[in-house]
Amino acid sequence: MRRVDATLRPNRHDTEHVFHMQRLYIKRLQLCFLMILGCMAAHAAPPSPTLAQRYHPGIDVTAYRVSEKYDGVRALWTGSQLQSRQGLPIRAPAWFTAGWPAEPLDGELWAGRGRFAAAQAAVAAGAPDDAQWRGLRYMVFDVPSAPGGFDARLPTLQRQVEAIGQPWVQAVPQWRVASHGELMQQLRAHDKAGAEGLMLRRGDAPYRGGRSEDLLKLKSFDDAEGLVVGHVPGRGKYAGQTGALLVQMPDGQRFRLGSGLSDALRRDPPPLGTLVTYRFNGTHAGGLPRFARFWRVRADQPPGEKTSQIGP
């Protein structure tokens, strides 16, 4: 029988050493994997913003908390920077967000009642202007990463705002109403004071992105946004100017928007691809707005696809 050289036989201690090293290597790989997952979670994108449906009679208002609807620019704090509701960065001065928490916040950059243009100008500027930003407040109305319904998240919101300790960061006041009639009284009072309207947040609803009846808006008028896809030449006294904007709705339908345009806007209309806000009174059977009138340009929103100018 052929002999095997003893030097080539595996040593029990050597084998145990190899197994030990393999186990250490596997544990190190597992640790590295867990660290990578932790880093990914720490830098994960904040939840997509919750969006509002319109309030309508028949809703149980006692299930909601009510607050003022601020006429400003929606802004989400990701834990490291401000973003628009479309996820685009908002360039704020470093002092404005200094000391803010690592957890997300949801709120509105607001310059005061009737001063939407000031908030929009500050946000839309290419470089942050200290003078413009000193006129803004960040009105915090939710903490997306906190567990539970809105009622359960409110104490966390209060603690976060108190910990920030900056006068321009404020928790949005929330209250309850007992009936639809009381809610409409609140709306009339806020309209008289110059507010844009009211918001209702369902007390037992978790923070979840998208549009639902978790969040409702109530205003004395309807408004919506559309994309400028053409300029309709004017006639008569508006000859040589813009008679109307051709506006495209999110569902693809188009209509002419001329009422409410100032003389300045007729001479120099919003460029193609601009988002504009219009007011209206209900809709026709086909979905087009009734008595639509131009309200303002949404310069803080990202432009849509450019469309060539059209004729009449």
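Can you give me the distance in nm between label points at Glu213 and Lys237, each placed 7 Å from the Cα along the Cα-to-Cβ direction?
Between Glu213 and Lys237, the simple spin-label model gives 4.7 nm.
Please report Rg over Rh for the range 92-160, where both radii come from the alpha carbon positions and Rh follows the Kirkwood definition. Numbers along the way, then the final one.
Values: Rg = 13.8 Å, Rh = 13.4 Å.
Taking Rg over the Kirkwood Rh, I get 1.03.
For the range 50-218, what proportion of DSSP beta bridges, expressed in % and rounded to the nearest 5, is antiparallel? Spell out each step's value before the answer.
Details: 25 of 33 bridges.
Antiparallel bridges: around 75 percent, rounded to the nearest 5.
State, to one decimal in nm, how far the label point of Arg54 lies from the label point of Phe291, with both points 7 Å from Cα in the Cβ direction.
1.4 nm
For Arg65, what is the net charge nearby, where nearby means another residue's Cβ is under 15 Å from its Cβ and Lys, Arg count +1, Asp, Glu -1?
The answer is -3.
Can you give the extra length, in nm with one decimal, that the chain gains between Asp151 and Ala94 once fully stretched, where that is 0.36 nm per residue apart less the Cα-Cα distance?
Result: 17.4 nm gained on full extension.
What's the local net charge at Leu261, with K and R +1, D and E -1, over the other residues with C-beta under 12 Å away? Walk me through the intermediate numbers first.
On the way: positive: Arg256, Arg266, Arg267, Arg293, Arg296; negative: Asp263, Asp268.
That sum, taken over residues with Cβ under 12 Å, equals +3.
Which number do you get for Rg(Cα) / (2.2 N^0.38 Å) in the range 146-219?
Working: Rg = 14.1 Å, N = 74, 2.2 N^0.38 = 11.3 Å.
In units of the globular-protein estimate, the range 146-219 measures up at 1.25.
Binned at 5 Å from 0, what are the whole-percent values of the Cα-Cα distance distribution for the range 50-218, short to long?
1, 9, 17, 22, 19, 17, 9, 4, 1, 0
What is the extension gain from Asn281 to Leu265, computed as 0.36 nm multiplied by their sequence separation minus the C-alpha to C-alpha distance, in nm to one decimal? Provide the component values of the computation, followed by the final result.
Values: separation 16, 0.36 × 16 = 5.76 nm, distance 2.28 nm.
Between Asn281 and Leu265, full extension yields 3.5 nm more.
Debye sum, Cα scatterers, the range 222-297, no solvent: what log₁₀ I/I(0) at q = 0.22 1/Å?
Once normalised to I(0) and log-transformed, intensities are -0.94.
Find out how many positive minus negative residues lie around Val161, taking Lys and Arg as positive, Asp and Glu as negative, among other residues whose Cβ is under 13 Å from that of Val161.
Details: positive: Arg137, Arg153, Arg159; negative: Glu103, Asp106, Asp142, Glu162.
Spelling it out: positives minus negatives among the neighbours equals -1.
Can you tell me the length gained on complete extension of the stretch Phe221 to Asp129, counting 0.36 nm per residue apart and subtracting the Cα distance?
Details: separation 92, 0.36 × 92 = 33.12 nm, distance 3.33 nm.
Between Phe221 and Asp129, full extension yields 29.8 nm more.
Give the calculated FRET efficiency between Met184 and Arg254 to the nearest 0.05, with a Förster radius of 35 Å applied to their Cβ-Cβ distance.
Details: r = 34 Å, r/R0 = 0.98.
For R0 = 35 Å, the calculated efficiency reads 0.55.
Readers should treat all values here as calculations from the given coordinates under stated rules, not as data from a laboratory. Treat the numbers as computed from the prediction; the structure is a model and nothing was measured. With ideal geometry, Cβ positions are generated from the backbone for all residues, glycine too; neighbour counts draw on all protein chains shown.
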